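The values are calculated or read from the model by the stated rules, or taken from the named source; none is laboratory data. None of the values given here were measured: they were computed from a predicted structure. Using ideal geometry, Cβ is built from the backbone for each residue, glycine included, and neighbour counts are taken over all protein chains shown.
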Amino acid sequence: MTTKANQSRPKNCKECLEKNKDIDCWNPDRMLDTLMRNNHNVEQDWVLKGIPQLVDDMLVSYEKYGGMNHLEGRDLPSKKVVIDVLEDLFAVLFPGYLGDSELTKANIGFNLGSKLNSIYSRLTEETAKSLKYICRKISECPEDICEKRAHIVVRELLEKLPEIRTTLSGDVQAAYEGDPAAVSTDEVILSYPCILAITTYRLAHELYVAGVPLIPRIMSEHMHALTGIDIHPGAKIGKNFFIDHGTGVVIGETAEIGDNVKLYQGVTLGALSFPKDEKGNIIKGRKRHPTIGNNVVIYSGATLLGAETVVGDNSVIGGNVWVTGPVAPGTKITIAQPEQNYKTENHTP
């Protein structure tokens, strides 16, 4: 049965283009017409002629925008290796939960020794590259100083793993106790994004404090991409830290957080402004993010900005609150309840 709608529908591509001149009509008829009009081997022609031209164009781009390429790989850590090492560190810190090895009490010692040896070797090499990235700018820098420093930094990080694990145990327990939906600590470790983000922070922070460039940010930004939680490795965070849900949380480089703090999704601990020198360049290295005391809860969407924002112990910051100054201990800040107006329209039949 032919309907009025079917009668008005274009029969082919040509008719479609005539009726809809501003619409790109792409259908099998048009595709076939295009292929028939260009029936030579497009791919072969482009491979033979187009790629050499593209190579020339890209080489020009490399010369013009040199800051976007790092040729010869000199003194630059491998992002892939750093991420692989980070995942192996997860397996060391949470054996049996994270990692791909089946562990038992009988084989865990051998497995742990093998993994730590591999981590030490790979991370030392990448740390040396990162240190050379800075050191190469000093012409009189001794040739082997970066390798020696890398061995010391990585050894000290690995020796702190038991201490880091103790701290992470408190973070896991804080998540379990702070979320009524949490069934067990097993569930928390296996599924909560905050555990991955906080673990990454606690590892990256040690490297940051040791003065290692690049690698701490590679770790933290990798985890930011995976979890939506952005914790700068320079921040100082105390014990029993919990981020509920987590998406959109931002914790800046000079932020300081005390013990037993709980954040919800969308919380920002950011900078209020960026002071500049006489030439208009941003002055770096100053305290510019908030300080949060002990036993503080900050609800979703709250924005706390600037170094002057110091939140006292036992305070509660409500959702969507904007804070740019000191908060006395024990204070509860909330937005005034909005007035809701309901309008009922009368419809006359």
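For the criterion of being modelled with pLDDT of 65 or more and not assigned by TED's automatic domain parsing to the domain that holds ILE198, LYS49 passes. Taken over the range 246-282, residues that are touching a residue at least 60 places away in the same chain (Cβ under 8 Å) and out of contact with any strand residue (DSSP E or B) (no Cβ under 7 Å at 6 or more places or on another chain) amount to 1. Just to be sure, is GLU339 within 28 Å of the chain's Cα centre (by Cα) and either without any contact (Cβ under 8 Å) to a residue 12 or more places away in the chain or over 17 Å from GLY258 (Cβ atoms) (or both)? No; evaluated as a whole, the condition is false for this residue.
Okay, residues lined up against (1) in contact with a Leu (Cβ under 6 Å, 6 or more places away or on another chain); (2) outside the structural domain of LEU305 (by TED's automatic domain parsing); (3) not aromatic (Phe, Trp, Tyr):
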site: PHE242; (1), (2), (3): no, no, no
site: THR247; (1), (2), (3): no, no, yes
site: THR254; (1), (2), (3): no, no, yes
site: ILE257; (1), (2), (3): no, no, yes
site: VAL261; (1), (2), (3): no, no, yes
site: GLY266; (1), (2), (3): no, no, yes
site: LEU269; (1), (2), (3): yes, no, yes
site: SER273; (1), (2), (3): no, no, yes
site: LYS276; (1), (2), (3): no, no, yes
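What number goes with the only condition from (1) under 25 Å from the mean Cα position of the chain (by Cα); (2) of a type in the set (Val, Ile, Thr); (3) modelled with pLDDT under 95 that THR124 does not pass? It fails just one condition, (3). Pairs are defined by a Cβ separation below 6 Å, a sequence spacing of at least 6 or placement on different chains, a first member in the range 224-245 that is modelled with pLDDT of 95 or more, and a second member that is surrounded by fewer than 22 Cβ atoms within 10 Å (Cβ to Cβ) and in a strand (DSSP E or B); the pairs so defined are HIS224/ASP230; ASP230/VAL250; LYS236/GLU256; PHE242/LYS262.
Residues in the range 285-310 that are under 21 Å from ILE229 (Cα atoms) and assigned to a strand (DSSP E or B): THR291, ILE292, VAL297, ILE298, THR303, LEU304, LEU305.
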